[in-house]
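This report refers to the structure that appears directly beneath it.
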Amino acid sequence: MSFDPAEHPHQRFDPLSGRWCLVSPHRAKRPWLGQRDEPNVDAPLAYDPDCYLCAGNARTSGHVNPAYEGCFVFDNDFPALLEDTPAPTEIDPLFQISSARGTTRVICYSSDHSKTLAELDTGQISGIIDTWRDEATALGERYRYVQIFENKGAQMGCSNPHPHGQVWATDFLPDAIVTECQTQSDWLNVHGEPMLLQLAAREAGGPRVIVESEHWLAIVPWWAQWPFETLLLPRFAVGRLPDLTPAQQHDLAQVLKELTVRYDNLFETSFPYSFGWHGAPTDGDAHAGFQLHAHFYPPLLRSASVRKFMVGYEMLAEAQRDLTPEQAAEKLRAVSPIHYREGA
Ligand code: H2U
Ligand code: ZN
């Protein structure tokens, strides 16, 4: 019997995170008995008088939001990091501790309480990219690393349905970034080309592509852990968001729109995920080989309510998936690029 990756259990390696994932494609043949949820076509309110993030409303802290229209950015009222905090002094090899200074901000995507990235127009999405760039530039001058991210949907622990993202800037490099700096720098040294630039070239036109444009590529990576995880890659060399040209940014807005629309259309629901940018740290090092990219980690598996749990074997041994990345990409390609709620 010869090996067939769509048939036989195997492991795939993620060279960016340095982790393996167990793929069990034979299990995906189980009948798709899972429930089918009714499409969620209720139009949410464009303004919610009880929302802490809507324009003109008071937040929990008592601060009143201005009558904003595009993006509105404010310092998190419950910051996970403080700008000025004492550093620990103890040294113990078993109980290691390190200082953590930083700042955290919230980015409301627009004044419209009902519109996520998938339902904003590309001009508005480009405005969000402008804001990400401004935050990355300003905070990057003061901090070693700037993490831009979004938790979307109650299933991902998002505390407020008003579409928003966050920025956390730190005087240290977080764990995942330390790993990605190392793996990308090692790859450049061994292969002479940035890992993710090589990946974009190898994946273009292939079975794992969901959206392909002149400058960008959205793929379900070969090594995806979550069923519909995607990786958004530039097809050109770039380390950080502020370095994008206007044409690359314009194109990015369209790709973000199409990818998030396809996500929503997959189960006809506002698709939950954690999403974030990984850019080169702003710690003064060159970080050659570090390519800007974004990860989308959505929890859903089979319907709007049936999610994948990373438990058991995943917690104790290794991530595992049934649906192959190629099958996941095929499902995302098969849905319409027009949002299901448009015209509903
Ligand atoms: P989520 O993106 O996970 O929902 O978090 C929203 C953030 O918004 C959360 O960090 C902040 C919370 O502290 N927030 C405020 O700063 N002020 C508020 O009035 C509500 C929420
Ligand atoms: Zn709101």
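Once you have the Kirkwood Rh of the range 137-203 from its Cα pairs, apply Stokes-Einstein at 10 °C and 1.306 mPa s and quote D in µm²/s. Let's see the in-between values first.
Values: Rh = 14.6 Å.
Taking Rh from Cα pairs, D becomes 109 µm²/s.
Just round it to a whole percent: the fraction of Cα-Cα distances in the range 1-151 exceeding 27 Å.
Values: 6177 of 11325 pairs.
Looking at the range 1-151, the distances longer than 27 Å represent 55 percent of pairs.
Remind me, what semi-axes does the chain give for its equivalent ellipsoid, largest first in whole Å, using sqrt of 5 times each Cα gyration tensor eigenvalue? Write out the running numbers ahead of the final one.
Details: eigenvalues 185, 154, 86 Å².
Sorted largest first and rounded, they come to 30, 28, 21 Å.
Tell me which cysteines of the chain come out unpaired when the rule is another cysteine's Cβ under 4.7 Å.
Result for the chain is CYS21, CYS71, CYS108, CYS158, CYS181, no neighbouring Cys Cβ within the cutoff.
For the range 146-262, evaluate the Debye formula with one uniform point scatterer on each Cα (no solvent term) and list log10 I(q)/I(0) at q = 0.15, 0.18 Å⁻¹, rounded to two decimals.
Debye output, listed in q order: -0.86, -1.25.
Given Cβ point charges of +1 (Lys, Arg) and -1 (Asp, Glu) and nothing else, what value in debye, to the nearest 20, does the dipole of the range 199-243 about its Cα centre take? Walk me through the intermediate numbers first.
Values: 4 positive and 5 negative charges, 20 e Å.
With only Lys, Arg, Asp and Glu charged at Cβ, the dipole is about 100 debye.
What dipole magnitude, in Debye to the nearest 20, does the chain give about its Cα centre under +1 on Lys/Arg Cβ and -1 on Asp/Glu Cβ? All intermediate terms of the calculation are to be shown ahead of the outcome.
Values: 27 positive and 45 negative charges, 193 e Å.
In debye, rounded to 20, the chain gives about 920.
Convert each backbone phi in the range 273-285 into a coupling constant with the Karplus relation 6.51 cos²θ - 1.76 cosθ + 1.60 (shift: θ = phi - 60°), then list the ³J(HN,Hα) values in order as whole Hz, x for Gly and Pro.
6, 10, 10, x, 8, 10, x, 4, x, 10, 9, x, 7
Magnitude of the Cβ-charge dipole of the range 10-160, K/R +1 and D/E -1, about the Cα centre, nearest 20 debye? Present the calculation step by step, with values, prior to reporting the outcome.
Working: 14 positive and 21 negative charges, 196 e Å.
Computed about the Cα centre, the dipole is about 940 debye.
Read-outs throughout are calculated quantities, based only on the coordinates presented, and are distinct from any laboratory measurement. These numbers come from a predicted model, not from an experiment. A quick note on method: Cβ atoms are made from the backbone with ideal geometry, for glycine too, and the neighbour counts reach across all protein chains shown.
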